[in-house]
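Working notes, beginning with the structure itself.
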Amino acid sequence: MPLTTHGRAVWLMLCSTAFFALMAVAIKLAAETLHTFEIAFFRNFFGVIAALPLLVHHGPGLLKTDRLSKYFVRCLVGIVSMFCGFWAIGNLPLAQAVSLSYSTPLFVTIAAVWILHEQVRARRWAAVVVGFIGVMVIVRPGTDSFTAGTLVALTAAVLSGLVSIQIKQLSATEPADRIVLWTTMLWVPMSLGPALFVWEWPQGITWLWVAAAGTLGTLGHMLWTRALKLGDVSALTPISFMQLPIVAVLGYLLFDEAVDRWTVAGAAIIFGANAYIAHREAQLARRAATAAPSAAAKPGE
């Protein structure tokens, strides 16, 4: 029986979530012997190789753009976010690092008001506040669990929020595959420079981990963009939180990491806040789509 459009979107999001979770595990394994800068470089290098079929499929015309400066800024912010996020994965418990990464939509809401001048009403602001309470539950300032590492993870989330806004701006005129390809291509030289200062060739199975990180990250990004094209953000966003139980189980099995109850509680609060924000955004988008034809019909009445 063929899948419905919504069914395909759900399946694509599930696969994307699994790929991102496995990428985090590969990064954690690579971090046992490699510096964060090198892991980021190899993730991007192998990511370009994984993205090359896009160029073959669309042809060289896919690279044609008049917004290269926008790509450069987006990638510069993105590479710093990647450095911070990869460091957090390598140095914090996996479940905690991934949970803090889910605070990104909260920062996206703030950045949308600041950069895009979007109107955010009281209920969504309330959801953002609740989400930040979830973040505080995880990091617990003033306790022994509050470390510089949690601040690095939060920095990655803030910068990732800015990247999301930049992608939204680019996607108004640029196709998703062009964004993926240009991003991975620019990230290679941007990550190579810092990596050269700490360079050590990967040894043995570490090659597998860095290759897997690059391939899984690029494939996850491709499936994620396609899922969001087919389905509603409000319906698909909760699925992405399946990454947390996956990394929690693998963190326990591979790294003997117990899942902290504060991480679980904080992640649940962040999940609820993000699910509400996604639901409200989808509602407003549907209302705007419904109102547009009505407004267009009025002049001819």
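No value in this document is a laboratory result; all are computed from the given coordinates. In this text, all values refer to a predicted model and were calculated from it rather than measured experimentally. Note: ideal-geometry Cβ built from the backbone for every residue, glycine included; neighbour counts use all protein chains shown.
Once you place label points 7 Å from the Cα toward the Cβ at K70 and A122, how far apart are they in nm?
3.6
In what order do S69, S103 fall by count of nearby beta-carbon atoms within 10 Å, going from fewest to most?
Least crowded to most crowded, the residues run S69, S103.
What ranking of C15, C84, C75 emerges when the number of other C-beta atoms within 10 Å of each C-beta is taken as an exposure proxy, fewest first?
In order of increasing Cβ crowding within 10 Å: C15, C84, C75.
Name the shape class, rounded, prolate or oblate, that the alpha-carbon gyration tensor gives for the chain, where a ≥ b ≥ c are the square roots of its eigenvalues, rounded holds for a/c under 1.5, and otherwise prolate holds if a/b is larger than b/c and oblate otherwise.
oblate
Going 7 Å from the Cα of T173 in the Cα-to-Cβ direction, what parts of segment 47-65 have a backbone nitrogen less than 12 Å from that spot?
Answer for this model: 65.
Please give the contour-minus-distance gain from S145 to E32: 0.36 nm per residue of separation, less the Cα-Cα distance, rounded to one decimal in nm.
The S145-E32 span can extend by a further 38.5 nm.
Provide W209, W262 in ascending order of the number of other Cβ atoms located within 10 Å of each residue's Cβ, fewest first.
Lowest count first: W262, W209.
May I ask which residue of A126, I179, A40 lies farthest towards the positive end of the charge dipole of the chain, with charges of +1 (Lys, Arg) and -1 (Asp, Glu) on Cβ and the Cα centre as origin?
A126
A268 label point, 7 Å along Cα→Cβ, cut-off 13 Å on backbone N: hits in segment 5-22?
none
Would you work out the relative contact order for the chain, in percent, from Cα pairs under 8 angstrom that are 6 or more residues apart?
Value for the chain: 40 percent.
Test of understanding: extend the Cα→C-beta vector of I49 to 7 Å, then name every residue of segment 207-223 with backbone N under 12 Å from that spot.
207-216
Pull out the extension gain between T4 and V113, defined as 0.36 nm times the separation in residues minus the alpha carbon to alpha carbon distance; nm, one decimal.
35.7 nm
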